[in-house]
Amino acid sequence: MPPRNTPRLHLREMTDDDLDEMAALLGDSRVMEYYPHPKDRTEVAEWIRWSRRSYAEHGFGLWLVETRTGEFIGDCGLTWQTVNGIPHLEVGYHVKAAAQGKGFATEAARACVDHARDLAVSPVLVAVIHHDNRPSQRVADKLGMHRNPDLRHKSPVHDVFSLDL
C-alpha cells in the first residue's frame with residue numbers, strides 16, 4: 001500500500017507502463033546530477049523491477065508520484081539502505097526538472113515519513129544524500145531530519161540525515 005494522497009499528489013505503485021516517464025526522469029542529467037550517471041532504459045526497467053520486488057518483499061518501495069490530475073512528477077518512497085553496515089529505512093525522492101522548486105519532493109517525502117511511522121518497521125528513518133546536493137538536503141531539513149555524523153554510508157561523498165520515528 002502506498003502512502004495516503006496529499007493535497008496535491010497521488011503516490012502509486014510503478015508498473016512496466018511507467019517506463020517512458022521513468023526513463024525520462026532517471027535519464028535526465030539534471031535530475032541525476034549527484035549520481036554516477038543518468039540511467040539508460042535498461043537500467044530504468046531494472047529500477048522498476050526492483051521497486052516492484054520491494055513492494056512484494058517489504059510492502060513498500062519507491063512509488064510513482066503524480067499530481068491529483070495525473071501529471072507525472074517523479075518517484076518517492078521507502079527502501080532499505082546499508083548504513084554503518086546494517087539496513088536502515090531510507091526515504092528517497094526524484095522530481096522531474098520542470099517540477100523542481102515547487103515543494104513536490106517535500107510533500108511526497110512527508111507522506112512517506114508518515115507512512116513509515118504507520119508501518120513501524122524501523123525506529124529511525126534516514127536519507128543518504130550527496131554532500132553537494134543542497135536541494136535534497138533542504139528537503140531533508142524540512143522533514144525534520146538532521147545530518148547524523150554517527151551514521152556512515154559506504155560512499156564517502158554521501159552524508160546521512162536521520163529522523164527518529
Residue list for segment 145-161, filter: closer than 20 Å to Gly103 by Cα and either touching a residue at least 24 places away in the same chain (Cβ under 8 Å) or open to solvent by 90 Å² or more (accessible area, probe 1.4 Å) (or both) | His146, Phe161
Limited to segment 140-165, what total is found for residues that are at pLDDT 95 or above and β-branched (Val, Ile, Thr)?
-> 1
Looking at Ala23, Ala45, which is the one that is more than 14 Å from the chain's Cα centre (by Cα), more than 19 Å from Val95 (Cβ to Cβ) and assigned to a helix (DSSP H, G or I)?
-> Ala45
Which one is nearest to Phe104 (Cα to Cα) among residues in segment 21-45 that are touching a helix residue (DSSP H, G or I) at 6+ places or on another chain (Cβ under 9 Å) and of a type in the set (Asp, Glu)?
-> Asp28
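May I ask you to verify whether Arg12 is surrounded by 12 or more Cβ atoms within 10 Å (Cβ to Cβ) and in contact with a Phe, Trp or Tyr (Cβ under 7 Å, 6 or more places away or on another chain)? It would help to see each step written out before you state the result.
Working: surrounded by 12 or more Cβ atoms within 10 Å (Cβ to Cβ): yes; in contact with a Phe, Trp or Tyr (Cβ under 7 Å, 6 or more places away or on another chain): yes.
So Arg12 passes the test.
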Of these, Gly77, Gly92, which one is in a strand (DSSP E or B) and either touching a Pro at 6+ places or on another chain (Cβ under 8 Å) or buried (at least 22 other Cβ atoms within 10 Å of the Cβ) (or both)?
-> Gly77
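The values are calculated or read from the model by the stated rules, or taken from the named source; none is laboratory data. None of the values given here were measured: they were computed from a predicted structure. Quick reminder, even Gly has a Cβ in these numbers, built from the backbone with ideal geometry, and neighbours come from all protein chains shown. Side chains are part of the model used for accessible areas, which takes the heavy atoms of the whole protein and leaves out ligands, DNA and RNA. Shrake-Rupley method; radii C 1.70, N 1.55, O 1.52, S 1.80 Å.
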